[in-house]
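Trainee: One structure is given below, represented as structure tokens, and several questions about it will come after.
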Amino acid sequence: MQTQPLVFYSFVASGFSRPSTVLGKAVAVAAIAVAVCLAAGPASGQTDVRRLEVGGHFSTLQIGDAGNTNAGLGGRVSYEFLTWLAIEGELNFFPNDRLDVDSGVSSLMLQTQYSRRRLEGFVGPKIGVRGGKFGAFAKVRPGFAHLIDKGLGCVGEVCALVLLARPEYQPEFALDLGGIVEFYPTPRTIARFDLGATAIRHRSQSAPPCRDCTTQNFATSLGMGFKF
């Protein structure tokens, strides 16, 4: 029997100790699947080991405290070094990334609507346990987030009196943390669900949600992959 990595169980324990956080909930979901993986037993031995995985997915991202949830598409390439360790790279594209910011004075409310495109990229390890039909993993992947301005809108009674600054976006550091649950319909196919938090360090000029701060953004993805 192969010994499972202790770092994964430490990660699971930290998630249960912080159940109210976005990351804690993601790790808890992955931890529940661990029992299923272990009960299913280790994957059967194969003479033809396929280590390269290529896949695509549908993604959602909830932006900070603003509450806007945007949808996008992505792709992923992964190389499996061991049954419990892989390195993967991922790109996500959100063609309509919108953020609504409410402000105003007294009863005069103002909503600024930022319309953008979003590109994200991450590279990092995937560590966990793999059974015959199911797998559960933790992911820690640094990367970047880049926004492209599409326009600026205003809703409210005082819009005509307000001068809105056009945001100037630049690539920003991002860190993707969370849990992964996988299902293996066949030896060459993988169905995968990701749940976690994407931390983004904001430094762009006149761009919401903040300047020189870090936001925690709830992220999910659902997709399929193929092994070669």
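Trainee: Looking at the stretch 153-168, can you tell me whether even one residue there is closer than 17 Å to Arg201 by Cα, touching a Pro at 6+ places or on another chain (Cβ under 8 Å), in contact (Cβ under 8 Å) with a residue 24 or more places away in the chain and outside any strand (DSSP E or B)?
Mentor: yes
Trainee: Restricting to the stretch 61-94, count the residues that are part of a strand (DSSP E or B), surrounded by 14 or more Cβ atoms within 10 Å (Cβ to Cβ) and not hydroxyl-bearing (Ser, Thr, Tyr).
Mentor: Residues in the stretch 61-94 being part of a strand (DSSP E or B), surrounded by 14 or more Cβ atoms within 10 Å (Cβ to Cβ) and not hydroxyl-bearing (Ser, Thr, Tyr): 20 in total.
Trainee: Identify all residues within the stretch 116-175 that are acidic (Asp, Glu), more than 23 Å from the chain's Cα centre (by Cα) and closer than 26 Å to Phe93 by Cα; write none if there are none.
Mentor: Taking the stretch 116-175 and keeping what is acidic (Asp, Glu), we get 120, 149, 157, 168, 172.
Filter once more, keeping what is more than 23 Å from the chain's Cα centre (by Cα): 157, 168.
Correct list: Glu168 only.
Trainee: Another question, then. Of everything in the stretch 176-205, what is over 18 Å from the mean Cα position of the chain (by Cα) and small (Gly, Ala, Ser)? Give them in sequence order.
Mentor: Hit for the stretch 176-205 is Ser204, nothing else.
Trainee: For the condition part of a strand (DSSP E or B), over 16 Å from Gly64 (Cβ atoms) and touching an Asp or Glu at 6+ places or on another chain (Cβ under 7 Å), what is the one hit in Arg192, Arg201? Break it down into steps so the answer makes sense when it comes.
Mentor: Details: Arg201 fails: over 16 Å from Gly64 (Cβ atoms).
None of the other options fit; the residue is Arg192.
Trainee: So, one more: Does Val49 fit the bill of being modelled with pLDDT of 75 or more, more than 18 Å from Gly143 (Cβ to Cβ) and in a loop (DSSP other than H, G, I, E, B)? Show your work before the answer.
Mentor: On the way: modelled with pLDDT of 75 or more: yes; more than 18 Å from Gly143 (Cβ to Cβ): yes; in a loop (DSSP other than H, G, I, E, B): yes.
Criteria met by Val49.
Trainee: Further question on the same structure: For the stretch 173-186, does any single residue satisfy the condition of being part of a loop (DSSP other than H, G, I, E, B) and more than 24 Å from Trp84 (Cβ to Cβ)? Give the derivation first.
Mentor: Narrowing the stretch 173-186 to residues part of a loop (DSSP other than H, G, I, E, B): none.
No, the stretch 173-186 contains no residue that is part of a loop (DSSP other than H, G, I, E, B) and more than 24 Å from Trp84 (Cβ to Cβ).
Trainee: Just give me the residues in the stretch 211-223 being free of Cβ contacts under 8 Å to residues at least 40 places away in the same chain and surrounded by fewer than 14 Cβ atoms within 10 Å (Cβ to Cβ), in sequence order. Steps first, answer last, please.
Mentor: Step one: filter the stretch 211-223 for residues free of Cβ contacts under 8 Å to residues at least 40 places away in the same chain, giving 211-214.
Result: Arg211, Asp212, Cys213.
Trainee: Now, a different point. Does any residue of the stretch 100-115 turn out to be out of contact with any Lys or Arg (no Cβ under 9 Å at 6 or more places or on another chain) and aromatic (Phe, Trp, Tyr)?
Mentor: First, pick out the residues of the stretch 100-115 that are out of contact with any Lys or Arg (no Cβ under 9 Å at 6 or more places or on another chain): 100-112.
The next check asks that each one be aromatic (Phe, Trp, Tyr); those that pass are none.
Looking through the stretch 100-115, none of the residues is out of contact with any Lys or Arg (no Cβ under 9 Å at 6 or more places or on another chain) and aromatic (Phe, Trp, Tyr).
The values are calculated or read from the model by the stated rules, or taken from the named source; none is laboratory data. These numbers come from a predicted model, not from an experiment. Please note: Cβ atoms are built from the backbone with ideal geometry, for glycine as well, and neighbour counts cover all protein chains shown.
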